[in-house]
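Contents: one structure, followed by commentary.
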Amino acid sequence: MKILVVVHRFLPRHHTGAELYSYRLAKRLAKQHDILVFSADDDLARKNHERWHGEHDGLRVISVTNHRRHESFEHSYSDPVMEAHFQQILAQYRPDIVHFQHLLHHSFNYPAIASSAGIPTILTLHEYWLLCARNGQLFDADEERCLGPGLEKCARCMTSFMWRRRGLDLAVLRGLDRLKRYLRIDLKARARSHRLKKFRERRLDPARVDQLRKDLLLREASVRDLFEFVDCFVAPSAFLRDRFIDFGLDPDRIVHSDYGTELRDFRDLTRVPLGEGPLRIGFLGSMQPVKGLHVLLAALARLDPASYEAELHGNAEAKPEYVAALGGKLPPSIRLRGESPAEEVPRILSGLDVLVVPSIWWENSPLVIHEAFAAGIPVVCSDIGGMAELVTDGVDGLHFAAGDADDLAAKLELLAGDRALLEKLKAGIDEPRNMKADAAFHEQLFEAVLEHYEQALDDHRSEVFEDFGHIEDDDGLEDFDAFLEVEDVEDED
């Protein structure tokens with residue numbers, strides 16, 4: 001099959017959950033199929049909407065820069081320039097199927113464009129962006145969890161959300177990139193504080209709220225149109241699937257299938273055995289408020305520092321003012337690390353006794369929990385969303401009340417004083433699903449959708465591709481056919 005993978009961001013510049021999963025699945029599928037990745041990017045060193053093509057670890061990638069300088073709220077999810085790039089790639093690559101991993105920074109209209117060419121589509125839902133314009137986190141301006149959209153509450157929530165970048169924002173960001181770390185944190189914190197103050201004032205503006213009601217109604221209509229053009233949705237967690245069904249998505253069109261894990265990366269680990277020393281606690285993830293690092297630090301402050309050692313790994317760049325506020329006075333028992341390369345994660349996990357996932361938003365299916373289980377490490381997590389699905393309380397980990405530092409401290413204190421319990425939890429871990437099996441599932445899914453579409457493809461594609469031919473290629477892709485040549489890849493398994 002020729003498979004076009006569409007993702008919001010991609011490696012090597014971005015490597016959080018959705019990007020890493022998209023890469024790993026595409027890499028697996030490329031062993032048997034022809035794969036092309038189309039990503040958006042926010043590289044400030046490139047011109048807005050500049051397009052380039054290249055390669056990452058043997059995968060061919062086309063990227064288009066999107067600085068998010070949206071002309072309107074509608075433009076933030078329906079971008080005509082990105083649509084023109086997508087249409088051209090369809091015409092030149094002619095995929096059998098399109099796998100949308102994420103449409104953030106792309107356009108809700110992509111599925112309709114693919115459908116007009118007789119190309120079936122799959123959409124994997126990594127979070128709730130189709131339901132929630134506020135970064136898809138169902139986490140409102142008052143830092144409260146939300147179970148789903150509602151016009152009035154969403155309009156008031158969005159008045160304090162910065163859904164576009166202005167020219168001055170970009171200039172400031174470029175300048176900040178050249179400054180020293182401590183200065184960048186200070187300036188970004190001040191600038192963000194000033195902007196948030198302005199937005200809070202706007203929340204009280206009735207005219208602004210009324211305009212956002214209209215904007216959000218139009219966005220919701222676009223989402224429901226998108227639902228009609230996507231042939232199959234994949235939900236990695238039952239919790240996420242339920243949220244979309246509650247919104248109106250047909251249950252028969254959304255499949256629950258959890259992420260796979262590259263288990264081969266964990267095969268030859270030297271696992272550090274449990275000892276009688278301090279409990280070795282780990283955190284791996286983005287260092288931003290919704291990930292709950294502040295909850296973990298508050299819990300650790302309640303423990304005897306001699307009873308634990310904690311290593312905190314993550315990207316501090318997304319919310320530097322948040323990290324600066326957290327890291328002011330940490331005891332020696334807590335080590336604040338930077339972001340670790342993905343290939344280092346198995347080694348880091350193998351040196352822990354327990355991983356803590358203290359997120360305060362409805363996580364979908366955190367890859368780090370899968371990876372911890374692959375390394376044989378129990379997980380203590382918040383008792384909400386996909387986290388609570390993955391971790392069975394008292395079997396392979398422990399739950400604590402989301403956002404409750406006292407409850408988390410009690411769970412960690414219990415583990416620090418009861419190594420038999422820790423051993424029991426380790427023994428209760430089941431090996432997570434292999435990425436090889438995940439790729440096989442997707443192959444079967446693609447084949448089933450293609451079989452359904454086969455007659456339409458035969459009758460319709462050639463005619464539509466001729467209609468696409470008028471799109472000019474002025475982005476240096478004259479050698480597109482050579483770029484799309486595929487080399488055989490040996491199966492490492």
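The values are calculated or read from the model by the stated rules, or taken from the named source; none is laboratory data. Computed from a prediction, not measured in an experiment: that's the story for all the values here. In this analysis, Cβ positions are derived from the backbone assuming ideal geometry, glycine residues included, and neighbour counts consider all displayed protein chains.
For region 13-79, list the strands (runs of 3 or more DSSP E) that sit wholly inside it and hold at least 1 residues that are under 18 Å from the mean Cα position of the chain (by Cα); which are they?
On the way: elements: 34-41, 51-56, 59-65.
So the answer is 34-41, 59-65.
Considering Glu55, Glu19, Glu83, which residue is in the same structural domain as Ala114 (by TED's automatic domain parsing) and either of a type in the set (Lys, Arg) or farther than 29 Å from Lys436 by Cβ (or both)?
Going through Glu55, Glu19, Glu83 in turn, the sole match is Glu83.
For His399, state whether it is touching a strand residue (DSSP E or B) at 6+ places or on another chain (Cβ under 7 Å), buried (at least 18 other Cβ atoms within 10 Å of the Cβ), modelled with pLDDT of 95 or more and not hydrophobic (A, V, I, L, M, F, W, C).
yes
For region 358-368, which positions are farther than 17 Å from Pro432 by Cα and of a type in the set (A, V, I, L, M)?
Result: Ile360, single match.
Quick grid of which residues meet (1) over 26 Å from the mean Cα position of the chain (by Cα); (2) surrounded by 16 or more Cβ atoms within 10 Å (Cβ to Cβ); (3) modelled with pLDDT under 80:
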residue	(1), (2), (3)
Arg166	no, no, yes
Gln211	yes, no, no
Ser237	no, yes, no
Phe244	no, yes, no
Tyr259	no, yes, no
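Per-residue answers, yes or no, for (1) under 17 Å from Leu284 (Cα atoms); (2) at pLDDT 95 or above; (3) of a type in the set (D, E, K, R); (4) in contact with a strand residue (DSSP E or B) (Cβ under 6 Å, 6 or more places away or on another chain):
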{"residue": "Ala318", "(1), (2), (3), (4)": "yes, no, no, no"}
{"residue": "Pro341", "(1), (2), (3), (4)": "yes, no, no, no"}
{"residue": "Val357", "(1), (2), (3), (4)": "yes, yes, no, yes"}
{"residue": "Gly394", "(1), (2), (3), (4)": "no, yes, no, no"}
{"residue": "Asp406", "(1), (2), (3), (4)": "no, yes, yes, no"}
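Are any residues in region 61-90 out of contact with any His (no Cβ under 9 Å at 6 or more places or on another chain) and closer than 18 Å to Ile35 by Cβ, and if so, which ones?
Those that are out of contact with any His (no Cβ under 9 Å at 6 or more places or on another chain) and closer than 18 Å to Ile35 by Cβ: Ile89, Leu90.
Are any residues in region 26-37 crowded, with 22+ Cβ neighbours inside 10 Å and in contact (Cβ under 8 Å) with a residue 60 or more places away in the chain, and if so, which ones?
Matches in region 26-37: Arg28, Leu29, Ala30, Leu36.
Take region 389-404 and flag every residue that is of a type in the set (Gly, Ala, Ser), in contact (Cβ under 8 Å) with a residue 24 or more places away in the chain and closer than 22 Å to Cys146 by Cβ.
Correct list: Ala402, Gly403.
Every residue in region 294-313 that is out of contact with any Ser or Thr (no Cβ under 9 Å at 6 or more places or on another chain) and either buried (at least 17 other Cβ atoms within 10 Å of the Cβ) or in the same structural domain as Ala439 (by TED's automatic domain parsing) (or both), please.
Hits for region 294-313 are His294, Leu296, Leu297, Ala298, Ala299, Glu311, Leu312.
Please find, among Glu127, Glu152, Glu143, the residue that is on the phi > 0 side of the Ramachandran plot and out of contact with any helix residue (DSSP H, G or I) (no Cβ under 6 Å at 6 or more places or on another chain). Steps first, answer last, please.
Numbers: Glu127 fails: on the phi > 0 side of the Ramachandran plot; Glu152 fails: on the phi > 0 side of the Ramachandran plot.
After ruling out the rest, the residue left standing is Glu143.
Out of (1) surrounded by fewer than 22 Cβ atoms within 10 Å (Cβ to Cβ); (2) of a type in the set (A, V, I, L, M, F, W, C); (3) touching a strand residue (DSSP E or B) at 6+ places or on another chain (Cβ under 9 Å), what's the single condition that is false for Val61?
Answer for Val61: the failing condition is (1).
Could you say whether any residue in region 318-325 is touching a Gly at 6+ places or on another chain (Cβ under 7 Å) and hydrophobic (A, V, I, L, M, F, W, C)?
no
Please list, ordered by residue number, the strands (runs of 3 or more DSSP E) wholly in region 324-420 having 3 or more residues that are under 21 Å from Thr16 (Cα atoms) and assigned by TED's automatic domain parsing to the domain that holds Met287. Talk me through it step by step, then tell me what you get.
Details: elements: 334-336, 354-357, 379-382, 397-400.
Strands (runs of 3 or more DSSP E) meeting the threshold: 354-357, 379-382.
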